[in-house]
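Report on the following structure.
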Amino acid sequence: MRDEFPIFKKHPGWIYLDTAATAQKPQCVIDALMNYYTEDCATVHRAIYKQAIRAGELYDQTREEAARFLNAGRDEIVFTRGTTDGLNLVARSYGKMALTPGDEILISEMEHHSNFVPWQMIAAETGAHFRLIPVDDRGVLQWEGLIHHRTKIVAVAHISNVTGTVNPLKQMAEAAHAVGAVLVVDGAQAAPHMKIDVQALGCDFYAFSGHKCYGPTGVGVLFGKQEHLERMPPIQGGGDMIAWVERDKTTYQSPPLRFEAGTPIIASVIALGEALRFVQRHQGHTSPLRYATQRLQQAIPHLRIIGTAPEKGPLITFHIEGVHPLDLATYLDMKNISIRSGHLCAQPLLRRFGLESAARVSFGLYNTTEEVDCLIDAIQEMVESYCSI
């Protein structure tokens, strides 16, 4: 599998354990990006010459691919700059349209800041109440009974980027719909690792990023149910999102184009299509999550894993008593091992567990159990030297 990723040929021996932040890119995705710039570089939706038509076909193929990837309708797929951009679009368009003073936005305590801060902002603007769903000591949401008649929006991660918890979206969607609320899902950590079926999940919106799915940066996908997208106003004005512009008024394109103002992210969208095909070819791949969890717990004294839900995505966040996560990450970098440290863009959740920062390892298609063994050996060396000071 590593042979499909040219960066590991450039950096032999590099152990990359930060896929939850961004995934490395396979050759097929890099080729798709380069082929656009060297063979098919032209604008889309604006011209009739053959290069533009070819670029438009490739661009539109990715919308079809994303629809298949999520089991959604083609016109329910909006291209964005990433998960953050997609969630902000929902907050600023649907949220601002649907919320009135006294309504409730229900957010989980485990949210990445991208699915937390936009809703805080919209709550302040609309007068809606901003409430949190707590998590227990395992990192499992305690959501039952919290969705009620005043709830209008429930926003939750499919998989937490800190605890790895896989949340019960179908049940939450059913509870939300029973009171007329919508379910907004941050799918950034789930889309690369599990089959996503928005019809089966019942969610109203689902956002994810290309760069976490082995694709390019700067591009993402937002699924929105057609019934919602048709009602939502655009939040940006410009080219391609309009149907007709007059001196005193403008009419807008039907979704999804009304939400894609300006020249599209053409090259990245085309390469994203290849990335989504790549992910689907390798669905079912088993990560070294269980092996790494057992080894960390057995080999490293005073190590605490943050998130022990029965169903988890392929990441482990942990804290070692007496060892600062930044020092650990710096030491591992000297050993050619890359992990994440810091607040993980989830400060409320870390504080729930009594922490301001933590260390995280996360796995991709290229990681092996042998790399986990190297990680454990390096952590043991660091802990021994650290504690002897």
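Points worth noting:
- Straight-line cross-link partners of LYS96 among the aspartates and glutamates, defined as a Cα under 13 Å from its Cα and at least 8 positions apart when in the same chain: GLU104, GLU125.
- Cα-based Kirkwood hydrodynamic radius, region 110-191, one decimal, Å: 13.2
- Backbone HN-Hα couplings from phi across region 99-108 [Karplus 6.51/-1.76/1.60, Hz, Gly and Pro as x]: 8, 10, x, x, 5, 10, 9, 10, 10, 7
- Calculated from the alpha-carbon coordinates, region 143-216 shows an Rg and a Dmax of 12.7, 41 Å respectively.
- Rounded, prolate or oblate (a/c below 1.5 giving rounded, otherwise prolate when a/b exceeds b/c) for region 1-147 by Cα gyration tensor: oblate
- In this simple spin-label model, placing a label point 7 Å from the Cα along the Cα-to-Cβ direction at both HIS324 and LYS170 gives a separation of 4.7 nm.
- Stretchable slack from GLU125 to LYS10, in nm (0.36 nm times residue separation minus alpha-carbon distance): 36.5 nm
- Approximate shape of region 180-307 as ellipsoid semi-axes (Cα gyration tensor, √5λ), whole Å, largest first: 39, 18, 14
- Local net charge near LEU332, Cβ-Cβ under 13 Å (Lys/Arg +1, Asp/Glu -1): -3
- Under the combined filter of DSSP loop state and at most 10 neighbouring Cβ atoms within 10 Å, region 224-286 retains these trypsin sites (Lys or Arg not before Pro): ARG247, LYS249.
- Approximating the spin labels as points 7 Å out from Cα along Cα→Cβ, the SER385-to-LYS195 distance works out to 4.7 nm.
- Take the Kirkwood radius over Cα pairs of region 297-354, plug it into Stokes-Einstein at 10 °C and 1.306 mPa s, and you get 124 µm²/s for translational diffusion.
- For region 303-375 versus region 34-95, the inter-centroid distance based on Cα atoms is 34 Å.
- Kirkwood Rh and Cα Rg combined as Rg/Rh, region 174-214: 1.04
- Antiparallel bridge percentage (DSSP; both residues within the chain; nearest 5): 55
- Whole-Hz couplings from phi, Karplus 6.51/-1.76/1.60, listed for region 217-228; x for Gly and Pro: 7, x, 9, x, 10, 10, 8, x, 4, 4, 4, 7
- Under the combined filter of DSSP loop state and at most 16 neighbouring Cβ atoms within 10 Å, region 1-55 retains these chymotrypsin sites (Phe, Trp or Tyr not before Pro): TRP14, TYR49.
- With an a/c value of 1.5 or above and a/b not larger than b/c for the gyration tensor axes a ≥ b ≥ c computed over the alpha-carbon atoms, region 184-239 is described as oblate.
- When the pairs LYS170/LYS195; LYS10/LYS335; LYS152/LYS212; LYS10/LYS195; LYS25/LYS212 are compared against a 21 Å limit on Cα-Cα distance, LYS152/LYS212; LYS10/LYS195 fall above it.
- Sorted into 5 angstrom bins from 0, the C-alpha pair distances of region 314-389 split as 3, 15, 26, 25, 17, 11, 3, 0 percent.
- Selection of GluC sites (Glu not before Pro), region 286-371, meeting DSSP coil and at most 13 other Cβ within 10 Å: GLU311, GLU321, GLU356
- Quarter of the Cα convex hull surface for region 236-389, i.e. its orientation-mean projected area (nm²): 14.1
Every number in this text was worked out from the coordinates using simple rules, so none of it is lab data. The model shown is predicted, which means the values in this text are computed figures rather than measured ones. Quick reminder, even Gly has a Cβ in these numbers, built from the backbone with ideal geometry, and neighbours come from all protein chains shown.
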